[in-house]
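This report refers to the structure that appears directly beneath it.
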Amino acid sequence: MRKRVLAPGVAIKIGVILPTSTPDPAQPILADVRASARLAEKIGLDSVWSTDHLVASAPILDSTVVLATAAAVTERITIGFGVMLLALRPVAWAAKQLSTLQIISGNRIALGVGTGNPAHGDIGWRAAGMSFQDRGRRTDEALRVLPALVTGQAAVLSDGLEVTLAPGSAMPPVLIAGNGDKALRRAAAYGDGWMCIGLLSEDVAASLSALSSLAAQHGRPVPHVTVVGPTLDPDPQQAAAQLSAYSAAGTERVILAPTGADWQRDYEFAGRLLAAL
């Protein structure tokens, strides 16, 4: 199976992360999700994304509420989970949230899925009554039944219960997150896309080659590639050249990480970068 590459003349997509947390637990979250989502769309960016934790290393807002707010004040821009911890919640409940978001957003949701960064510990999982140790297995099980649940078809859950949720919606694209072999195998089996964190363009190319082979084993298309938090030059022209290298390596989208509390400055840089491509 051939490596995925962008067609000539197709610019790489640029997304940003919504301001939903604070690095200082002693300070309040001064998030303006509405203003930031509107600005990202006005600039012409591809997507806005929200991280997802119950308990993290810093205060953080609920991702589903954040994305519903962003969807309500925009018309075009993609609204993404970056990423949903699918195994942190019952899969039927997650499916209900996703189908509702798809309906109210006009099918603009992108579903990034991860298993959780061990750096945040297991307290959030324990608080939700979910096992941290077997989160990978439960993520795979959830990914197996999620399309049927979201689209309003009958699905048999892991305990044997058959359930149909209504109303159904279009299934959002699934992007599997992680840099390791398990994430690549999961992306090949279940993903429309693969999200890696901070990889260099040459490392993306090497991983995409492995991902292509894995996808071929499942008889599935090669997942498209999103790079989260690439290290870019502060000069937009130099950063645009770096993005060209990512594009040549097969990257479809980059999501720029926040550089600090000034989200507007980061978004404006993304706009200048987009103009430089």
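The values are calculated or read from the model by the stated rules, or taken from the named source; none is laboratory data. The model shown is predicted, which means the values in this text are computed figures rather than measured ones. For neighbour counting, all protein chains shown are included, and Cβ atoms are generated from backbone atoms with ideal geometry for every residue, glycine included. SASA here: full protein model, heavy atoms, side chains in, ligands and nucleic acids out. Shrake-Rupley method; radii C 1.70, N 1.55, O 1.52, S 1.80 Å.
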Name the residue that is surrounded by the fewest Cβ atoms within 10 Å (Cβ to Cβ), counting only residues in the range 78-127 that are of a type in the set (Phe, Trp, Tyr) and over 14 Å from LEU146 (Cα atoms). TRP125
Tally time: how many residues in the range 206-220 are in contact with a helix residue (DSSP H, G or I) (Cβ under 7 Å, 6 or more places away or on another chain), open to solvent by 10 Å² or more (accessible area, probe 1.4 Å) and hydrophobic (A, V, I, L, M, F, W, C)? 2
Looking at (1) modelled with pLDDT of 95 or more; (2) among the β-branched types (Val, Ile, Thr); (3) open to solvent by 10 Å² or more (accessible area, probe 1.4 Å); (4) closer than 26 Å to PRO19 by Cβ, which is the one condition that is false for ILE255? (3)
Scan the range 204-241 for residues that are polar (S, T, N, Q) and closer than 23 Å to VAL174 by Cβ and jot them down. SER207, SER209, SER212, SER213, GLN217, THR226
List the pairs whose first member sits in the range 96-116 and is free of Cβ contacts under 8 Å to residues at least 60 places away in the same chain and closer than 22 Å to HIS53 by Cβ, whose second member is open to solvent by less than 10 Å² (accessible area, probe 1.4 Å) and among the polar types (S, T, N, Q), and whose Cβ atoms are under 6 Å apart, counting only residues at least 6 apart or on separate chains? none
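Would you pick out the residues in the range 138-162 that are open to solvent by less than 40 Å² (accessible area, probe 1.4 Å) and under 27 Å from VAL228 (Cα atoms)?
If we filter the range 138-162 for residues that are open to solvent by less than 40 Å² (accessible area, probe 1.4 Å), which is where we start, we get 139, 142-143, 145-146, 148-150, 152, 155, 157.
Scanning the range 138-162 gives THR139, ALA142, LEU143, VAL145, LEU146, VAL150.
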Please go through (1) over 21 Å from THR115 (Cα atoms); (2) in contact (Cβ under 8 Å) with a residue 12 or more places away in the chain; (3) open to solvent by 10 Å² or more (accessible area, probe 1.4 Å) for LYS182 and return the number of the only condition it doesn't satisfy. (1)
Residue list for the range 222-252, filter: in contact with a Lys or Arg (Cβ under 8 Å, 6 or more places away or on another chain) and either open to solvent by 50 Å² or more (accessible area, probe 1.4 Å) or at positive phi (or both): GLY250
Would a scan of the range 163-175 turn up a residue that is open to solvent by less than 60 Å² (accessible area, probe 1.4 Å), in contact with a Leu (Cβ under 6 Å, 6 or more places away or on another chain), assigned to a loop (DSSP other than H, G, I, E, B) and more than 21 Å from ILE77 (Cβ to Cβ)? yes
